[in-house]
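Quick notes on the structure that follows.
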Amino acid sequence: MGRGKSARARILILGGGYVGLYTALGLQRKLRGGEASVTVVDPQPHMTYQPFLPEAAAGAIEPRHVVVPLRRALKRCHVLTARVTKISHGEKKVTVEAPDGHVEDIEYDVLVVALGSVARLMPIPGLAEQGISFKTIGEAIYLRNHVMSKLDAASSTVEEELRRKLLTFTFVGGGFAGIEALAELEDMARYATRYYENIEPSDLRWVLVEAAGRILPEVRESLGVYTVLQLERRGIEVYLSTLAKSFEGGHVILSDGTEFDSDTIVWTAGVKANPVLASSDLPIDDRGRVRAEATLQVDGVADAWTAGDNAAVPDLSRIEEDPAALCAPNAQHAVRQANRMANNIVAVLRGREPKPYRHRNVGSVASLGLHKGVADVYNVKAKGFVAWAMHRGYHVARVPTFNRKFRVVADWLLSGLLRREVISMGQINNPRAEFDRVSRAA
């Protein structure tokens, strides 16, 4: 399905995340030779399976196994590594910027908007300078090495005030991303202290700040309360109904008056639709998402489709109780929407009617570190080891391609037999530092 002259329809997929990859995989399987060409555009050459980012950051999974190479998985599609800068659907044209800086226009017949979301930043002093996001594999690798390098630095310093700052880790946001990242990294760091003669687990300070009155809104409230209790038993400080007011210079100020210094500030407080959509000629809602019909076609627009985090898709499973209900922006919906969208695109190309997307959320699972978790699936709640096993089982079944499933399971088996690696590779954060030092000394 390359860009051959015989292709009757040019399908352009913007984004190589959940929706982009699964839609392309579906089209790759279902389209007949010469029926259409498929091009996927993404600034990264891989899809990141984000539910595994916390375990990759904690060393339970090799980071390369959390990503799926687009060119390897999409052998019958054309993959273009570039960033979308403008969408002009009226002209059937998308403008992209390649890594070398050159700009080009791509024409198409059918458009799939799967640009996903980006971190939602707030106007908090110091956030842009001090904050670390947690959406990409690069950020997960960076955060792992950052945490371990802080333990190394703290073990070597003689300044007590600096030591406390180095060993204080602050997470803002109580959704799945924030809770799992915090829990996994705390588990890893506590395990690592056994190799430091002058650092005890009690020397580490972990802080969670959440503006709402509860955490993990995706699960029932009782499990959210259970999770808070479990975190607090591990010594993690949890501030609910609390806003972050400032992070300037690593000095954290909270709305309840609490102040402390922290050399690690992880921001996972929500996401927003990719901002490039705001300047497009596609219909968007008040949250910047593309308005979609239940069939996943863009509302009132021909030859355009959308799904995932950047789409406002009606939730037909809740339409009777709430006519305005929309599908939650999670991986469970994204994967299923992508499969339905691929089927619908093929159906329309062949002159058939598309079918509406309908799926009732089966529940949620979350890991809280090794052998710890919470789950709320089919109205059955689970805690501890059972929930942790459910989390691993569900996500290994969902990660794309057999290759990645096998590698992830192998990582788990090896880490279980040989224990997790807690090596600090701080040089990754600044690989030229030693070369520059030698150059200056020459």
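Note on ASN403 and ASP256: with the Förster distance fixed at 51 Å, the Cβ-Cβ geometry gives a FRET efficiency of about 0.60. With 0.36 nm allotted per residue and the present C-alpha distance subtracted, the LYS30-LYS75 stretch has 14.8 nm of extension available. Its Kirkwood hydrodynamic radius, worked out from the mean inverse distance over all distinct Cα pairs, puts the range 57-143 at 16.4 Å. Most simply put, the chain has about 50% antiparallel DSSP beta bridges, counting only bridges with both residues inside it.
Projecting the Cα atoms of SER155, LEU326, TRP267 onto the dipole axis of the chain, where Lys and Arg carry +1 and Asp and Glu carry -1 at the beta carbon, places LEU326 farthest toward the positive end. For the range 325-419, the direction-averaged projected area of the alpha-carbon convex hull comes to 8.1 nm². By other beta-carbon atoms within 10 Å, ranking LEU121, LEU74 with the fewest at the front produces LEU121, LEU74.
Note on the range 242-296: Kirkwood hydrodynamic radius from all Cα pairs is 14.5 Å, rounded to one decimal.
By the count of other C-beta atoms within 10 Å, a proxy for reagent exposure, SER439, SER367, SER424 are ordered fewest to most as SER439, SER424, SER367. Of the GluC sites (Glu not before Pro) found in the range 196-299, those that fall in a DSSP loop while having at most 14 other beta-carbon atoms within 10 Å are GLU197. Treat each spin label as a single point 7 Å out from the Cα along the C-beta direction, and report the GLU97 to TRP412 distance in nm. The two pseudo-label positions are separated by 4.1 nm.
Restricting attention to the range 158-275, close to 30% of DSSP beta bridges with both partner residues there are antiparallel. Amide H contacts of ILE132 (H built 1.01 Å from N, in plane; Pro and chain starts excluded): ILE265, VAL266, TRP267 sit under 5 Å, all sequence-distant by 5 or more or on other chains. Taking amide hydrogens as placed 1.01 Å from N in the peptide plane, the amide H of LEU243 sits under 5 Å from those of SER255, ASP256, each at least 5 positions away in sequence or on another chain. Between the beta carbons of GLU197 and GLN44, assuming R0 = 35 Å, the FRET efficiency works out to 0.30 to the nearest 0.05. Relative to the longest principal axis of the Cα atoms of the chain, helix 331-349 runs at roughly 10 degrees. Looking at the range 267-352, the trypsin sites (Lys or Arg not before Pro) that sit in a DSSP loop and have at most 12 other Cβ atoms within 10 Å of their own Cβ are ARG287, ARG350, ARG352. Cα-based values for the range 124-243, radius of gyration first and Dmax second, are 14.8, 46 Å. If you plug the beta carbon distance of LYS383 and GLU232 into 1/(1 + (r/R0)^6) with R0 = 25 Å, you get a FRET efficiency near 0.95. Extending 7 Å from the Cα toward the beta-carbon at both ARG358 and GLU62 defines two label points whose distance is 4.4 nm. Considering only alpha-carbon pairs that sit under 8 angstrom and 6 or more positions apart, the relative contact order computed for the range 317-393 is 20 percent. Annotation note: trypsin sites (Lys or Arg not before Pro) in the range 74-111 located in DSSP loop regions with a Cβ neighbour count of at most 10 within 10 Å are LYS75. Which whole number in µm²/s is D for the range 184-276 by Stokes-Einstein, with the Kirkwood Rh taken over Cα pairs at 4 °C and 1.567 mPa s? Estimated via Stokes-Einstein, D reaches 85 µm²/s.
Per residue of the chain, the DSSP helices (runs of n ≥ 4 H) give a summed -39500 (n - 2.57) that works out to -10000 deg cm²/dmol at 222 nm. For the range 118-186, the equivalent ellipsoid derived from the Cα gyration tensor has semi-axes of 23, 15, 11 Å, listed largest first. Put simply, the Cα atoms of the range 249-404 extend 61, 39, 39 Å along their principal axes, the longest span coming first. Take every Cα-Cα pair in the chain and report what % of them are more than 35 Å apart. Tail of the P(r) past 35 Å holds 34 percent of the pairs.
Pairs with C-alpha atoms separated by more than 31 Å, drawn from the list LYS135/LYS381; LYS165/LYS372; LYS86/LYS135; LYS135/LYS165; LYS30/LYS383; LYS93/LYS405, are LYS30/LYS383; LYS93/LYS405.
Here the relative contact order of the chain, from alpha carbon pairs under 8 Å that lie six or more residues apart, stands at 18 percent.
Taking each residue as 0.36 nm, the span from ALA328 to LEU243 lengthens on full extension beyond its C-alpha to C-alpha distance by 28.2 nm.
The numbers here are math on the coordinates, done by the rules we state, and not lab data. All values reported here derive from a predicted model rather than from experimental measurement. All Cβ positions, glycine included, derive from the backbone under ideal geometry; neighbour counts span all protein chains shown.
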